[in-house]
């Protein structure tokens with residue numbers, strides 16, 4: 001049979017262990033503050049290609065704009081006009097995140113890491129050729145600046161792909177790495 | 001290396017021929033209490049190696065023993081440990097009568113952790129000896145040795161256990177008695193458990209929700225460390241391993257003892273570390289698949305006749321590289337990888353772990369206490385505090401690669417109170433489990449919207465589980481009620497904070513029976529109904545899942561909307577019936593199970609639409625619910641043909657169907673057929689237990705994989721039916737071999753094993769590996785393992 005002191009000791013022990021457990025739960029920090037909205041830092045909402053001729057005149061702009069990034073809102077693609085036949089256009093690509101109150105210039109980020117980035121231009125249609133004209137520190141193409149050469153009138157599709165190739169860039173398209181941008185534009189040469 | 005092992009093998013073979021000694025002795029016994037009532041569920045260990053659990057009638061059998069003296073240790077919580085030396089051969093059945101620790105408490109016998117599992121459940125065990133031959137492998141990979149358990153892999157180092165086709169948030173891992181609270185929801189999130197702490201791994205293949213709660217709907221993995229209070233003096237263990245494939249080194253050490261002369265107070269310290277570089281497929285390096293791990297734990301326990309207290313702390317820390325070539329920006333990148341058939345990024349071997357990588361830290365504090373109450377039973381109190389930190393690093397622009405792309409912390413508290421009682425043929429357990437969890441994302445650090453939002457969760461469950469033993473029958477029944485409060489903190493499309501909260505009430509029930517047909521045959525059957533509310537990841541996931549190149553939307557997050565109405569949430573319910581027939585003969589053991597699991601409102605993800613973004617098209621997967629049936633069978637057999645040869649085979653098959661949509665389920669393990677032959681050699685002077693095992697597991701092709709839609713075809717696919725990005729790979733057979741032996745050093749033995757995996761250096765891809773779109777699985781691998789145990793039990 002259990003002695004009375006044993007019973008008391010057992011009960012006391014039970015209380016001690018319960019207290020220890022309660023303490024352990026108590027020290028567990030309670031619910032913190034409400035979280036703040038995320039400041040998405042790597043979103044690209046906008047790609048602009050400005051095509052200008054040496055002769056001046058209104059440049060043609062190709063624009064891809066997706067206000068909500070990966071969200072369900074559909075992107076808007078605009079081509080401001082047609083390209084003239086048998087001309088050389090100077091293409092300038094800009095990238096930005098316009099979802100912030102102060103738009104973020106992504107072009108700068110790409111230019112700073114030019115050795116890791118490469119724009120690839122794939123044209124469907126024989127009346128247009130696009131080539132990157134700028135070079136990185138290793139004399140490999142980048143593509144932020146490009147040359148667009150038109151020949152006869154007709155339709156063409158230009159796929160612009162930005163490849164992120166840290167440490168593996170060879171200047172070949174598509175090469176290794178991941179895709180940061182992949183956008184198609186339908187252009188008309190007349 | 002191979003030449004060396006062959007040479008060694010012949011040297012050993014030549015030596016062994018000189019002196020033959022038979023190793024086909026059988027030891028049969030029965031475990032009883034002082035009143036000669038049999039005790040099922042006692043643990044019987046031979047020479048701290050082979051282990052067995054006494055069956056329903058308290059009996060146990062060991063086969064394939066060598067002549068000579070063996071030390072038999074019998075343990076059962078609530079009883080004094082029994083150690084006995086037996087000289088083999090022994091023809092009669094030995095009776096082991098355990099002395100109760102609670103002799104004053106007449107008629108009250110308590111039961112321990114082990115017996116908390118249902119007797120009618122189908123369980124499988126990896127013993128200490130088996131675990132030794134798997135040292136160095138991650139937990140999920142080790143568990144693949146059990147029929148019916150497979151693993152879903154993300155590359156060569158991330159393994160997630162799959163039990164009868166279910167995984168992630170449907171499987172509970174019980175680490176040293178504490179439910180593991182990590183980020184179980186992600187397929188690429190491996191369990192944060194150091195396998196070196198375990199002296200055995202146990203898998204419960206039925207729904208064990210009544211005892212453990214809703215996350216055990218698909219089964220339970222129990223990581224059992226050795227009990228404290230086992231050693232007489234200072235004891236310990238050292239394990240060292242080397243792996244050729246990824247040039248990995250692993251070391252683990254353990255020390256245990258008593259404080260001063262007081263054997264009521266004992267302690268244990270344990271640590272393990274590993275460092276490995278890039279794995280290697282048959283034809284190329286798998287660049288950036290290195291691993292680093294450092295773990296430690298400490299335990300302090302007090303125990304006397306009627307009570308005990310234990311403090312346990314553990315720390316798990318790992319950095320895992322993710323195959324560089326598997327990092328993709330969009331669908332076209334995945335298409336290119338599938339077409340090329342070879343990873344685009346292959347560099348020379350390196351130990352350096354670059355991005356993408358995962359860094360995981362998991363800390364645990366456990367407090368456990370129990371005490372016996374007269375004429376009542378035993379009360380157990382258990383607290384577990386866990387802090388899980390998960391950081392995933394990606395390849396990012398403008399120096400952001402140093403900042404994690406995902407950084408979340410989960411702080412959880414578990415408090416369990418249970419009462420175990422036993423009177424005559426009737427025993428049972430009543431208890432309360434409660435948990436409190438806080439999950440937070442550090443988005444200031446990441447600058448990326450997290451895939452799953454912050455949440456706070458509180459839950460409590462009340463269960464009753466009762467057993468009745470009568471002659472050859474054991475009946476079991478249990479019920480459970482759970483309450484869960486969930487508060488989610490997420491943002492809607494206009495970046496306003498939304499805080500939906502829910503109250504879930506749900507029930508589980510189980511009935512089972514175990515019947516001893518004869519001395520050798522046993523039949524067990526269990527039927528369980530379990531339910532669970534969907535996990536936060538299934539309700540509120542939102543965003544791009546980088547590993548899969550897809551956008552995921554939770555059940556309550558259709559198209560940037562945030563739903564908060566609880567009536568939209570349906571609980572997942574499983575009705576599983578599992579039947580097992582076991583045979584335990586002198587030279588043959590066999591285990592055959594058949595199961596049928598009907599899951600209502602089964603949560604899965606299905607393709608919903610294709611979305612155009614600035615990075616091109618992405619498939620949008622939306623969580624959905626359907627009705628599924630998973631049925632299958634497992635078979636395991638071990639036959640000691642004679643004193644030299646042992647043959648073992650394992651078969652597993654799962655057949656899974658989405659019955660509502662008449663469709664297949666993705667990532668269901670393909671059938672497996674594994675055969676092995678072991679050749680046992682007689683003992684030579686300095687070598688004991690020499691054996692050579694050759695195994696050839698055959699993995700079938702998954703013929704019931706979902707249809708394949710290549711990434712480039714996704715934008716044109718509008719059927720919304722489940723698809724895979726590539727067809728299921730062909731079946732493959734592997735050739736593995738191992739040689740093991742013991743060298744006595746003083747009183748103890750140094751166990752040495754040399755093994756080779758994928759000896760033919762076969763190129764293959766595994767359906768269950770999510771990186772199979774990008775690279776082959778691992779090639780040939782040689783492993784050396786040394787294990788020295790100097791515990792004085």
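Observations, loosely collected:
- Restricting B:327, B:306 to residues that are more than 30 Å from residue B:419 (Cα to Cα) and within 10 Å of another protein chain (Cβ to nearest Cβ) narrows the list to B:327.
- Test: residue in segment B:523-543 that is more than 14 Å from chain A (Cβ to nearest Cβ) and farther than 30 Å from residue B:462 by Cβ: yes
- Apart from one condition, residue B:538 fits all of (1) farther than 30 Å from residue B:334 by Cβ; (2) under 25 Å from the mean Cα position of the chain (by Cα); the exception is (1).
- Candidates in segment B:365-418 are the residues that are at pLDDT below 90 and in a strand (DSSP E or B); of these, the one that is farthest from the other protein chains (Cβ to nearest Cβ) is B:377.
- Hits in segment B:415-456 (condition: surrounded by fewer than 22 Cβ atoms within 10 Å (Cβ to Cβ) and under 25 Å from the mean Cα position of the chain (by Cα)): B:415, B:417, B:418, B:431, B:432, B:433, B:434, B:435, B:436, B:437, B:438
- Pairs where the first residue, in segment B:187-198, is farther than 13 Å from residue B:143 by Cα and the second is part of a helix (DSSP H, G or I), C-beta under 7 Å, 6+ apart: B:187/B:168; B:188/B:547
- When we screen A:156, A:114 for residues that are farther than 26 Å from residue B:544 by Cβ and surrounded by 15 or more Cβ atoms within 10 Å (Cβ to Cβ), the only hit is A:156.
- Only one of B:360, B:395 that is touching a strand residue (DSSP E or B) at 6+ places or on another chain (Cβ under 9 Å), over 22 Å from residue A:162 (Cα atoms) and surrounded by 20 or more Cβ atoms within 10 Å (Cβ to Cβ): B:360
- Residues of segment B:374-392 classified as without any contact (Cβ under 8 Å) to a residue 60 or more places away in the chain and surrounded by fewer than 19 Cβ atoms within 10 Å (Cβ to Cβ), total: 1
- Only listed residue being out of contact with any strand residue (DSSP E or B) (no Cβ under 6 Å at 6 or more places or on another chain), farther than 22 Å from residue B:551 by Cα and touching a residue at least 12 places away in the same chain (Cβ under 8 Å), chosen from B:752, B:745: B:745
- Among residues of segment B:434-445 that are facing another protein chain (nearest Cβ under 10 Å) and under 28 Å from residue B:416 (Cβ atoms), none has a beta-carbon under 8 Å from a residue that is at pLDDT below 90 and part of a strand (DSSP E or B) at least six positions away or on a different chain.
- Of all residues in segment B:435-453 being in a strand (DSSP E or B) and out of contact with any helix residue (DSSP H, G or I) (no Cβ under 9 Å at 6 or more places or on another chain), the one that is nearest to residue B:474 (Cα to Cα): B:435
- Any hit, segment A:30-44, residues being outside any loop (DSSP other than H, G, I, E, B), within 24 Å of the chain's Cα centre (by Cα) and surrounded by 15 or more Cβ atoms within 10 Å (Cβ to Cβ): no
- Residue within segment B:630-641 that is under 23 Å from residue B:580 (Cβ atoms), touching a residue at least 60 places away in the same chain (Cβ under 8 Å) and surrounded by fewer than 19 Cβ atoms within 10 Å (Cβ to Cβ) present: yes
- Test result for residue A:71, crowded, with 16+ Cβ neighbours inside 10 Å, away from every other protein chain (no Cβ under 12 Å) and part of a loop (DSSP other than H, G, I, E, B): no
- Elements of type strands (runs of 3 or more DSSP E) contained in segment B:35-100, each with 3 or more residues being at pLDDT 75 or above and under 29 Å from the mean Cα position of the chain (by Cα): B:43-46, B:59-65, B:68-75
The values are calculated or read from the model by the stated rules, or taken from the named source; none is laboratory data. Just so you know, these numbers come straight off a predicted model, no measurement behind them. Cβ: placed from backbone, ideal geometry, glycine included. Neighbour counts: every protein chain shown.
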